[in-house]
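Below: one structure, written as structure tokens.
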Amino acid sequence: MSNANNSNSNRPVVPSAREALNKFKMEAAQEVGVNLKQGYNGDLSSREAGSVGGQMVKKMIQAYENNMQ
């Protein structure tokens, strides 16, 4: 059974990475002007949540490209 079909697929593959991922998410939110708080953020609009996720992806792509050089 693949991890994508697992009901817990939203958990990091490496549990110790959770803190680093949360810090990364908070940094990305700050960069795009979204006020994230620790814990539940279900009151965010889809636009706000999407901008945080998009910023995270943008930064991951930049880091990958920088490591290729």
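Brief remarks on what is shown
- Here the chain has 51 percent of its accessible surface on carbon and sulfur atoms, given a 1.4 Å probe and all protein chains in place.
- Virtual paramagnetic centre 7 Å along Cα→Cβ of Phe24, amide N under 19 Å, in the stretch 32-54: 32-34, 36-39, 49-54
- Solvent-accessible surface of the chain, averaged per residue with a 1.4 angstrom probe and all protein chains in place: 84 square angstrom.
- Once the Cα gyration tensor of the chain is diagonalised, semi-axes √(5λ) in Å: 21, 20, 12
The values are calculated or read from the model by the stated rules, or taken from the named source; none is laboratory data. Just so it is clear, the model here is predicted, and its values are computed rather than measured. For neighbour counting, all protein chains shown are included, and Cβ atoms are generated from backbone atoms with ideal geometry for every residue, glycine included. Accessible surface is based on the protein model in full, side chains and every heavy atom, while ligands, DNA and RNA are left aside. Shrake-Rupley method; radii C 1.70, N 1.55, O 1.52, S 1.80 Å.
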